Amino acid sequence: MKIKLVILLIPFLLMNCKKKEFDHFDFSYGNTFETDFSIKFNTDNDSVFIREHWSPNDFKAPLSKTNYISQLNNLQKKELDSFIKMINFKAFDTLYLENYEDGEYFSFFIEKDGLTKNVKVHSHSAPKSLRNFAYWIYTTKRSLKLIETQRKFEFKSKAKELEPPKIH
C-alpha cells in the first residue's frame, strides 16, 4: 500500500515542482529627468524589492532614497520568466557604451544556470532584446502598487548613477 502511494505521489510532486528561471536577478535603470531605481525579483515567489534612488517629484511615491516592496501579478510573473528564459545573456557583451553625458542607462545582473553576468547599457545601439526587456521592467515597475519598507536591499546591478539636472 505504501509503495502504491509513493508511486502515485511522485508524478504529482514532479508536476507541481516549478523550475526557477534564475537564481538571482536584479535591474537598475535611470534617466536624466524622470527616475533612477533598482529592482530585485524574488526567485521563490512574485515579490519585488525596489529602491528609488532619485525621483524628480518627492510629493508622491516613489520618493527619492526610499525602499519599497511590491508584488507581480500572474501575467507579469509569466512575462518576466519568459524574458529570462528567451534572452541568452551569455551571448551579450558586459558593456554597451556611447560617450554622452545624460540620457538613459540600465544594467541587468543575473545568476542563472552557472552564469553570473552584469550587462550595462548606456547606448542607443544595444541589442533590441535587452532594450525591450528594460522597457518592460520600467513600465511594469510604474504599474506596481508600492509599499514603503525600512528593509535594506542589495542590488548587484547598481552602478554610479547619473546626476539629476541642476535647476537654477
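When peptides 113-124, 130-141 are sorted by average Cβ neighbour count within 10 Å, with the highest value leading, the order is 130-141, 113-124.
Let me check I've understood the local charge: for residue 126, count other residues with C-beta under 15 angstrom from its C-beta, Lys and Arg +1, Asp and Glu -1. What total comes out? Can you show the working numbers first?
Working: positive: 117, 120, 128, 131; negative: 93, 98, 104.
For residues surrounding residue 126, the net value is +1.
Legend: residue pairs 40/128; 65/112; 60/152; 60/120; 60/85, Cα-Cα distance threshold 27 Å; pairs beyond threshold, 65/112; 60/120; 60/85.
Bridging of residue 156 to aspartates and glutamates at a Cα separation below 16 Å is possible for 23, 26, 36, 52, 111, once same-chain residues fewer than 8 apart are set aside. Over all pairs of different C-alpha atoms, segment 32-168 has a mean inverse distance whose reciprocal, the Kirkwood radius, equals 15.9 Å.
Restricting segment 21-116 to trypsin sites (Lys or Arg not before Pro) that sit in a DSSP loop and have at most 15 other Cβ atoms within 10 Å of their own Cβ leaves 60, 65. Heavy-atom accessible area, probed at 1.4 angstrom with all protein chains present, ranks 82, 64 as 82, 64, highest first.
The values are calculated or read from the model by the stated rules, or taken from the named source; none is laboratory data. Quick caveat: nothing in here was measured; it's all calculated off a predicted structure. In this analysis, Cβ positions are derived from the backbone assuming ideal geometry, glycine residues included, and neighbour counts consider all displayed protein chains. Side chains are part of the model used for accessible areas, which takes the heavy atoms of the whole protein and leaves out ligands, DNA and RNA. Shrake-Rupley method; radii C 1.70, N 1.55, O 1.52, S 1.80 Å.
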